[in-house]
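Just below is one structure, and these are the notes that go with it.
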Amino acid sequence: MPESVNISSGVIGSGLYRAGELLAEKIVKSNLGPREVKFATASDSRPDITLRISDDNIDNIEGYYLEITEKIVRLEASSYIGLVWAIQTLLQILAAGPEIPCLVCHDRPRFSWRGMHLDVARHYFPVEFILKYLELLSLHKLNVFHWHLTDDQGWRLEIEKYPRLTEIGAWRTEANGCQYGGFYTRRDIKTVVNYAAKLGIRVIPEIDLPGHASALLAAYPEHSCTGEPVAIPNSWGIFDNTLCPSRDTTYRFIEHILDEVTEMFDSPFIHIGGDECPTGQWERHASCRELMARHNFDGFGDLQGIFHRRIAEILRTIGRRTIGWDEILTHDPPADAIIMCWRDSKFAIEALQKGHDVILSPTDHCYFDYYQAEEGEPKAIGGHLSLDKVYAFDPSPLSEIETGKILGGQANVWTEYMETTSKVEYMIIPRICALSEALWSPVKTKDRRKFQQKLPAHLKSLAETGYNYRALD
């Protein structure tokens, strides 16, 4: 490429201009292109790179057209996000150098939901790493960041109405007596959400309810069935500390929290958890027993259905839609809830048969906290998930089910045994590369041999950018 390059990208302030700014920034930061990138004006000669937003021949909001000739590069899409993916493809071509091929590429994703999750409750990671994580997602054309912000071991989100959530809930005492924790301020959240949007990513916050609530109840124990003090655990597992489904005050408390959550996050979806919820405290609480008898429920787990339907109604009134883990299926979930299926595929089938939209995130293909090999790996939570197994992931293999209700897939990164950002990167790279191809490419175009051939150069490029990764076998 020349010493400098012109970019023609339309009117200042438009999505087209934002895409031009992104491309210029990426080219300069990557050290792959010219030393100077400037925007073309009416008096300039024909620009070297042209960006265009148009519906011509592009029938998918994330689809794009890329043309490279000896004199010009043209990127075209029907939306800003489509241009982002075209830019990422161009950057990958530049990184593969030294020669840049002439080509024409029409591309579009197979699924609209291509997600990566990150648990920051077990281990807190600074905003700088969250932004780096988003860069990695965008590079691999993943468009959803599922941010698991609360759990038993920590509450990581500033809520102005309830300051003890972070004053108390964001900190735990480790076995060695040291205080551990941290949280994200409203300013931090704005930084992350805005940067994600720039990279074509939607941020989905998760507030885990009604179980996995020890940190919340350590700050506000009056919203449990017992009202007794709660200690934030410094170990992993499932704890009996749950919100009380029979208290109206609990719902008002959660409503106030969700009001602030929806102020900070512009996503139309809010994840409310719903997994692994014990019922022991409910069984011992008179009001819960009365509520169960009033509805003629067969088991105390049905109280979770009441809880989630009320929370979904709160979200519905503020224009948001509920996502929950597949456990909520068991207890008459909200009719419009999206089901995120992480256990057996039978739950995905059940959700589809009941008319729910579904996101596939099964443990056997998508849990990046699992070991990457049978032996010789740093400590992980258990299980074994190879690169090949991730590459083979297909969110919609069930032809007898209405597969249009399958939104896509997602990998989950639970961080019980990921104390550092370097360990997080090691656990997800190169498996994120396989996930990207599994969620973007049609099954008929996937080629495991070609993927394996391209991977070393791609990993080398990631390393040069500052990412840690697991070496290929």
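Test H223 against the stated conditions and say whether it is within 22 Å of T166 (Cα to Cα) and either modelled with pLDDT of 95 or more or in the same structural domain as T363 (by TED's automatic domain parsing) (or both). Judged against the criteria, H223 is a match. Among the residues of segment 222-259, those identified as closer than 23 Å to Y180 by Cα and polar (S, T, N, Q) are N234, S235, N241, T242.
Does P34 qualify as being part of a loop (DSSP other than H, G, I, E, B), surrounded by 14 or more Cβ atoms within 10 Å (Cβ to Cβ) and at pLDDT below 95? For P34, the condition - part of a loop (DSSP other than H, G, I, E, B), surrounded by 14 or more Cβ atoms within 10 Å (Cβ to Cβ) and at pLDDT below 95 - is met.
Hey, among the residues in segment 438-449 that are surrounded by fewer than 21 Cβ atoms within 10 Å (Cβ to Cβ) and in contact (Cβ under 8 Å) with a residue 40 or more places away in the chain, which one's farthest from Y64 (Cα to Cα)?
Filtering first and then ranking leaves R448.
Restricting segment 430-473 to residues that are under 21 Å from L407 (Cβ atoms) and of a type in the set (S, T, N, Q) leaves a set whose member that is modelled with the lowest pLDDT is T445.
For segment 285-305, a residue qualifies if it is touching a residue at least 12 places away in the same chain (Cβ under 8 Å) and either aromatic (F, W, Y) or surrounded by 13 or more Cβ atoms within 10 Å (Cβ to Cβ) (or both), and the qualifying residues are H285, S287, C288, L291, F300, G301, D302, L303, Q304, G305. Scan segment 273-287 for residues that are hydrophobic (A, V, I, L, M, F, W, C) and touching a Lys or Arg at 6+ places or on another chain (Cβ under 9 Å) and the total you get is 1.
Which condition from (1) aliphatic (A, V, I, L, M); (2) under 15 Å from the mean Cα position of the chain (by Cα); (3) part of a loop (DSSP other than H, G, I, E, B) is the one that V193 breaks? Of the numbered conditions (1) aliphatic (A, V, I, L, M); (2) under 15 Å from the mean Cα position of the chain (by Cα); (3) part of a loop (DSSP other than H, G, I, E, B), the odd one out for V193 is (3).
Residues that are small (G, A, S) and either within 25 Å of the chain's Cα centre (by Cα) or not in a loop (DSSP other than H, G, I, E, B) (or both) were ranked within segment 216-263; the one that is surrounded by the fewest Cβ atoms within 10 Å (Cβ to Cβ) is G237.
Having 2 or more residues that are of a type in the set (V, I, T), surrounded by fewer than 20 Cβ atoms within 10 Å (Cβ to Cβ) and in contact (Cβ under 8 Å) with a residue 24 or more places away in the chain is the bar; report the helices (runs of 4 or more DSSP H) wholly within segment 79-173 that clear it. Walk me through how you get there before you give the answer.
On the way: elements: 80-96, 127-139, 164-167.
Result: 80-96.
Total residues in segment 281-326 satisfying the condition of being part of a loop (DSSP other than H, G, I, E, B) and more than 27 Å from V144 (Cα to Cα): the figure is 9.
Do we have any residue at all in segment 69-76 that's assigned to a helix (DSSP H, G or I), without any contact (Cβ under 8 Å) to a residue 60 or more places away in the chain and within 23 Å of Y17 (Cβ to Cβ)?
In the first step, residues of segment 69-76 are kept if they are assigned to a helix (DSSP H, G or I); the result is none.
No, there is no match, as no residue in segment 69-76 is assigned to a helix (DSSP H, G or I), without any contact (Cβ under 8 Å) to a residue 60 or more places away in the chain and within 23 Å of Y17 (Cβ to Cβ).
If you go through segment 406-421, how many residues are among the small types (G, A, S) and out of contact with any Leu (no Cβ under 8 Å at 6 or more places or on another chain)? Quick ask: steps written out before the conclusion?
To start, the set of residues in segment 406-421 that are among the small types (G, A, S) comprises 408-409, 411.
Okay, now just the ones that are also out of contact with any Leu (no Cβ under 8 Å at 6 or more places or on another chain), so none.
Within segment 406-421, residues that are among the small types (G, A, S) and out of contact with any Leu (no Cβ under 8 Å at 6 or more places or on another chain) number 0.
The values are calculated or read from the model by the stated rules, or taken from the named source; none is laboratory data. Computed from a prediction, not measured in an experiment: that's the story for all the values here. So basically every Cβ, Gly included, is an ideal-geometry build from the backbone, and we count neighbours across all protein chains shown.
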